[in-house]
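Colleague: Dropping a structure here in structure tokens format, bear with me for questions.
Where a number appears in this text, it was derived from the coordinates with a stated rule and is not lab data. Keep in mind that this is a model prediction, so the values were computed, not measured. Cβ atoms come from the backbone with ideal geometry, glycine included; neighbour counts cover every protein chain shown.
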Amino acid sequence: MSDLLARHRAVMPNWLALNYSEPIEIVGGKGNRVVDASGKTYLDFFAGILTNMIGYDVPEVREAVERQIATGVVHTSTVYLLRGQIELAEKIARLSGIPDAKVFFTNSGTEANETALLLATYARKSDEVLAMRQSYHGRSFGAIAVTGNRSWKNSSLSPLNVHFLHGADRHLAQFRGMSDADYIAACVDDLRHVLATEAAKGVAALIAEPIQGVGGFTMAPDGLFAAYKEVLDEEGILFISDEVQTGWGRTGSAFFGIQNHGVTPDMMTFAKGLGNGFAIGGVVARGDLMDGPHAVGLSTFGGNPVATAAANATLDYVLDHDLQANALRTGTLIIEGLKEAAARLPVVGDVRGKGLMFAVELVDPATGAHAPALAARFMELTKEAGLLAGKGGLYGSAIRMAPPLTLTGDEAREGLGIIVHALETINAEVTA
Ligand code: PMP
């Protein structure tokens, strides 16, 4: 065990899971690559869990942050006018597609979801909320309640009363073999049943990830969210789209993930990539919902001048370079390459994703069962070959990858080559 790992184990909680049998210390980065303490370079296909959205050491972001720090004003609090915050809010409100949108900034995705739930429960005068099975929205007291993924749910003592809906979990026996249309009809039937029999006080909102991130990049079929929205609209139930992983063009085919489903939500929450590493999150919501309660702000620190300088520079970079189109181009190249490989490699049970957000599911070829040990092997092999990926999913058998949106075509091909080679190696080992 390295000295640094021993020190980590001694003073940090043991539930802070580290990747790799020998965890790495990242000490530098440039473009879409990072370098570890031993000097080894990695193509980063996890990007700080989708946080370094435009890569590392980006001059535009560094200079914007340095300019802000040079003013001497690092933060003066939300009781004064903060120009950078207002500019950022204007851009996000415009991009959101939500009518009459207003924005509140936080420091993280968890706080963003906490704020959205607070706004929704206040507006609807109900503590009942709908969420999706296998979801992840954070682990604060409100966010943990709407997190359906049990392995992340260390407390059930939440103020919210939550009912979980079906979405990306169509592998369950009761749904097997169903067409999309039949599956959606079954899910809508379930929603109506929940509303009629379980929701005692009228439901405040549904919160959902357009693609379930921590859940292993699983997706509800096209049409499901639109069908849910129709039912919700009948009762005035609000739709909150958690865009912490899917926002800012990452899915390639839309700027916000939920727009892939043709749904205009009442609120969206965001974080991670917006600051390209600087702490920022927030909620964009219909103005009447945002203005409803008095003094709802969860923090005076969210959207501080340094974070908004980074976020403004990052968002401008994404828009100026049309990185959404790049996500579609490079992501499609990789996903198609992975599908081709999967067709000849029985250890790959599934390839899924949209744009630069894609996953492979490793399975035991003999039984089709989820194979977390093979996912762990994949992590070690790709680390060795110089590529960072993430492990996840309900069974720990999914490999999640989400490179910076700045990924070049050459880097996409290089990364695909490393991934396919690792999958071929595992396939040969397992089927030998
Ligand atoms: N929502 C989603 C969809 C997430 O993936 C995450 C983090 N993985 C969060 C919320 C929580 O965000 P944060 O870690 O910034 O608090």
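Colleague: Taking 0.36 nm per residue of sequence separation and subtracting the Cα-Cα distance, how much length would be gained by fully extending the chain between Tyr395 and Val74, in nm to one decimal?
Modeller: Length gained between Tyr395 and Val74: 111.3 nm.
Colleague: With label points built 7 Å along Cα→Cβ from the Cα atoms of Asp190 and Glu380, find their separation and express it in nm.
Modeller: According to this spin-label approximation, the distance is 3.7 nm.
Colleague: Dividing the Cα radius of gyration by the Kirkwood radius, what Rg/Rh value follows for segment 76-321?
Modeller: My calculation of the ratio gives 0.96.
Colleague: Could you put Arg344, Arg250 in order, starting from the residue whose Cβ has the fewest other Cβ atoms within 10 Å?
Modeller: Lowest to highest Cβ neighbour count: Arg344, Arg250.
Colleague: Then there is this: In percent, how large is the relative contact order of segment 23-92, given Cα pairs closer than 8 Å and 6 or more residues apart?
Modeller: Contact order relative to length: 21 percent.
Colleague: Count charges around Gly368 for me, please; just the other residues with Cβ under 12 Å from its Cβ, Lys/Arg as +1, Asp/Glu as -1.
Modeller: -3
Colleague: Starting from the Cα gyration tensor of the chain, take the square roots of the eigenvalues, sort them a ≥ b ≥ c, and report rounded, prolate or oblate (rounded when a/c is under 1.5, otherwise prolate if a/b is larger than b/c, else oblate).
Modeller: In terms of gyration-tensor shape, oblate.
Colleague: At q = 0.12, 0.15, 0.21 Å⁻¹, what is the log10 ratio I(q)/I(0) for segment 346-423, with the Debye formula run over Cα points and no solvent?
Modeller: Taken in order of the listed q values, log10 I(q)/I(0) reads -0.31, -0.48, -0.92.
Colleague: So for Phe175, Phe255, fewest C-beta neighbours within 10 Å to most, what's the order?
Modeller: Phe175, Phe255
Colleague: Run the helix sum for the chain: -39,500 (n - 2.57) per DSSP H stretch of 4+ residues, divided by residue count, reported at 222 nm to the nearest 500 deg cm²/dmol.
Modeller: Rounded to the nearest 500, the figure is -12500 deg cm²/dmol.
Colleague: Any idea what the dipole of the chain comes to, in debye rounded to 20, about its Cα centre with Lys/Arg Cβ at +1 and Asp/Glu Cβ at -1?
Modeller: That gives a dipole near 580 debye.
Colleague: Most mobile of Pro346, Pro404, Pro293 per a Gaussian network model of the chain (Cα springs, under 10 Å)?
Modeller: The residue that fluctuates most here is Pro293.
Colleague: Compare Met267, Met178, Met132 in a GNM of the chain, Cα atoms joined below 10 Å, and give the one with the largest fluctuation.
Modeller: For the chain, modelled as a Gaussian network with Cα springs under 10 Å, the answer is Met178.
Colleague: Sorted by mean Cβ packing within 10 Å, highest first, what order do the peptides 278-286, 195-203, 14-22 take?
Modeller: Those peptides, ordered most packed to least, come out 278-286, 195-203, 14-22.
Colleague: For segment 260-294 and segment 161-226, write down the distance between their C-alpha centroids in whole Å.
Modeller: Centre-to-centre distance over Cα atoms comes out at 22 Å.
Colleague: With contacts defined as alpha carbon pairs under 8 Å and 6 or more residues apart, what's the relative contact order of segment 76-321 in percent?
Modeller: Once normalised by length, the contact order is 29 percent.
Colleague: Then there is this: Give the order of His294, His75 when sorted by the count of other beta carbons within 10 angstrom, beginning with the fewest.
Modeller: Arranged by neighbour count, lowest to highest, His294, His75 become His294, His75.
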